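To start, the structure itself, in structure tokens.
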Amino acid sequence: MTTLFAFVVTLAILIAVHEYGHYRMALACHVRVLRFSIGFGPVVWKRRRASDGCEFALSLLPLGGYVKMLDERESPVPHELAEFAYNRRPLWQRSAIVAAGPLANLILAVALYAGLSWWGESEPKAVIAQPAATSAAQRAGLRAGDWIQSWAMQDQEWQEVRSLTDLNWKLAGLSSEVSSVELLVSDRWGRGSRRISLPLERPTSPESELARGRQLGLGMPFSEPVLGEVKPQGPAFMAGLRSGDRVLRVDDRLIVDAQSLKSLIRAHTTDGAEVPAMRWVIERQGQTLELEVRPRIHREGTSAPVGRIDAFVGSPPEMVRVQRGPWEGVAHGVYRTWDISWVSLKMLGKMLVGEASVRNLSGPLTIADYAGQSAQNGLPTYIGFLALISVSLGILNLLPLPMLDGGHLMYHLFEGLTGRPVPDAWLDRLQKGGVVLLVILMSVALFNDVVRLLGL
């Protein structure tokens with residue numbers, strides 16, 4: 001019951017916000033709105049506002065909604081109301097009305113993330129994993145388990161680093177002209193303080209600027225090299241590894257954290273028919289054991305093959321509670337919304353060119369399941385989930401596909417470039433093609449949901 005209730009509340013909020021964006025922009029552009037509906041199909045409740053005749057309705061099928069506007073292309077419009085028709089408005093106003101729905105979802109995500117920042121969030125402590133080889137952090141002398149406690153820039157005062165997320169946010173906000181920052185570092189227990197000068201590499205693109213910490217080698221939190229869940233019949237299980245095993249050495253290489261162990265496993269591939277075994281030295285209940293582990297080769301699309309052992313590697317990182325001020329919270333909300341949007345777009349692009357599996361698509365069953373789980377974990381967790389889905393909905397609707405807001409924006413772009421609207425014949429074909437494409441995508445997402453729920 002909790003899952004169903006959380007799912008319904010999630011849909012109601014996200015759909016209402018999306019359609020309200022269209023609605024408010026339509027009113028701002030002096031377009032007459034005839035109906036504001038949450039859901040499709042038969043109307044189960046409605047109420048008409050006397051001032052302008054707009055009808056607010058709840059419809060039977062809750063997977064969406066719509067704002068019906070006065071439009072001469074859909075039905076005859078009285079002469080005295082023609083100036084309030086959608087099709088009579090300038091191109092930029094029509095485009096603004098279309099874009100306002102997805103933008104409303106993105107604004108909602110910013111507000112929710114900002115609210116979480118003001119309330120306080122659990123974030124990874126600024127104890128870093130082993131920096132990547134040749135990265136700026138590695139060259140500067142940073143190593144696994146270093147706790148970055150404070151930083152300073154160009155003879156300015158030292159500022160506390162509250163978490164690893166806080167550090168990444170500070171680095172992302174630096175001007176590209178800043179050449180280095182000073183870090184005050186100790187081990188993860190606070191012993192042996194030392195000062196390190198970290199050179200800053202110039203970001204090569206907007207996305208690398210947002211991920212500047214990862215670019216410099218500071219993106220991952222420290223995690224103990226301990227095994228979590230081990231899948232039955234996987235390489236780790238067949239080698240005799242069990243949950244709770246601490247990995248000490250692999251092929252005579254000292255394992256300092258989970259990140260370095262993951263890197264070794266992923267890099268352990270071969271061009272031959274059989275993958276060579278790795279020699280692992282582990283600690284289990286105070287005893288030292290030596291095992292042979294033979295990772296399997298995993299290939300996805302056109303990506304390079306990687307090694308897998310079918311076990312969760314690493315313990316949960318140490319977390320701290322961080323609260324932000326009013327403006328800092330808003331800025332953090334914008335950053336997180338942009339970051340998630342970019343990651344979502346990259347994943348969609350990889351699926352489009354075959355570099356990522358379509359199994360990453362999720363449908364209503366998965367969303368409902370996560371909604372229920374997040375609601376049971378408390379209000380902050382549910383708000384974070386709601387913000388994530390709101391970003392996804394906003395990005396999805398901006399895709400240039402017929403039937404979506406992004407498709408209508410493409411029609412308007414064509415009109416702006418050619419000076420004439422898309423021909424009715426082409427519009428009809430595109431709309432029908434868009435319906436088919438959306439049905440296919442929804443079917444794939446639903447199939448993925450069923451596979452996940454059945455554990456196949």
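Data table
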quantity: Filter pass, Met25 being farther than 18 Å from Gly394 by Cα and either surrounded by 12 or more Cβ atoms within 10 Å (Cβ to Cβ) or touching a residue at least 24 places away in the same chain (Cβ under 8 Å) (or both); calculated: no
quantity: Index of the failed condition, Leu116 passing every other in (1) in contact with a helix residue (DSSP H, G or I) (Cβ under 7 Å, 6 or more places away or on another chain); (2) under 19 Å from Ser390 (Cα atoms); (3) free of Cβ contacts under 8 Å to residues at least 60 places away in the same chain; calculated: (3)
quantity: Options Ala6, Ala50; residue that is part of a helix (DSSP H, G or I) and either out of contact with any helix residue (DSSP H, G or I) (no Cβ under 8 Å at 6 or more places or on another chain) or of a type outside the set (Lys, Arg) (or both); calculated: Ala6
quantity: Test result for Leu261, in a strand (DSSP E or B) and either in the same structural domain as Ser163 (by TED's automatic domain parsing) or modelled with pLDDT of 90 or more (or both); calculated: no
quantity: Enumeration of residues in segment 134-146 that are part of a helix (DSSP H, G or I) and either surrounded by 17 or more Cβ atoms within 10 Å (Cβ to Cβ) or not basic (Lys, Arg) (or both); calculated: Ala136, Ala137, Gln138, Ala140
quantity: Test for Pro131: is it surrounded by 18 or more Cβ atoms within 10 Å (Cβ to Cβ), in contact (Cβ under 8 Å) with a residue 24 or more places away in the chain, not in a helix (DSSP H, G or I) and not assigned by TED's automatic domain parsing to the domain that holds Ser197; calculated: yes
quantity: Candidate set from segment 299-327 (those that are hydroxyl-bearing (Ser, Thr, Tyr) and over 30 Å from Glu160 (Cβ atoms)); member that is surrounded by the most Cβ atoms within 10 Å (Cβ to Cβ); calculated: Ser303
quantity: Unmet requirement for Leu241, which otherwise passes all of (1) closer than 23 Å to Gln130 by Cα; (2) assigned to a loop (DSSP other than H, G, I, E, B); (3) not charged (D, E, K, R); calculated: (1)
quantity: Breaking point among (1) in contact with a helix residue (DSSP H, G or I) (Cβ under 8 Å, 6 or more places away or on another chain); (2) buried (at least 18 other Cβ atoms within 10 Å of the Cβ), for Glu72; calculated: (2)
quantity: Unmet criterion (only one of (1) of a type outside the set (D, E, K, R); (2) surrounded by 15 or more Cβ atoms within 10 Å (Cβ to Cβ); (3) at pLDDT 90 or above) for Leu91; calculated: (2)
quantity: Matching entry among Pro199, Pro232, Pro225 (being exposed (fewer than 13 other Cβ atoms within 10 Å of the Cβ) and at pLDDT 90 or above); calculated: Pro232
quantity: Tally, over segment 413-438, of residues that are farther than 15 Å from Leu396 by Cβ and either among the aliphatic types (A, V, I, L, M) or at pLDDT below 80 (or both); calculated: 8
quantity: All positions within segment 53-63 that are surrounded by fewer than 15 Cβ atoms within 10 Å (Cβ to Cβ) and assigned to a strand (DSSP E or B); calculated: Leu60, Leu61, Leu63
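One line per residue, one yes/no per condition, for (1) crowded, with 16+ Cβ neighbours inside 10 Å; (2) small (Gly, Ala, Ser); (3) within 14 Å of Val226 (Cα to Cα):
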{"position": "Gly244", "(1), (2), (3)": "no, yes, yes"}
{"position": "Arg253", "(1), (2), (3)": "no, no, no"}
{"position": "Ala258", "(1), (2), (3)": "yes, yes, yes"}
{"position": "Lys262", "(1), (2), (3)": "yes, no, yes"}
{"position": "Trp280", "(1), (2), (3)": "yes, no, yes"}
{"position": "Gly286", "(1), (2), (3)": "no, yes, yes"}
{"position": "Glu290", "(1), (2), (3)": "no, no, no"}
{"position": "Ile297", "(1), (2), (3)": "no, no, no"}
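The values are calculated or read from the model by the stated rules, or taken from the named source; none is laboratory data. Since the structure is predicted, the reported quantities are computational estimates derived from the model, not experimental observations. Counting neighbours? That spans all protein chains shown, and the Cβs are built from the backbone with ideal geometry, glycine included.
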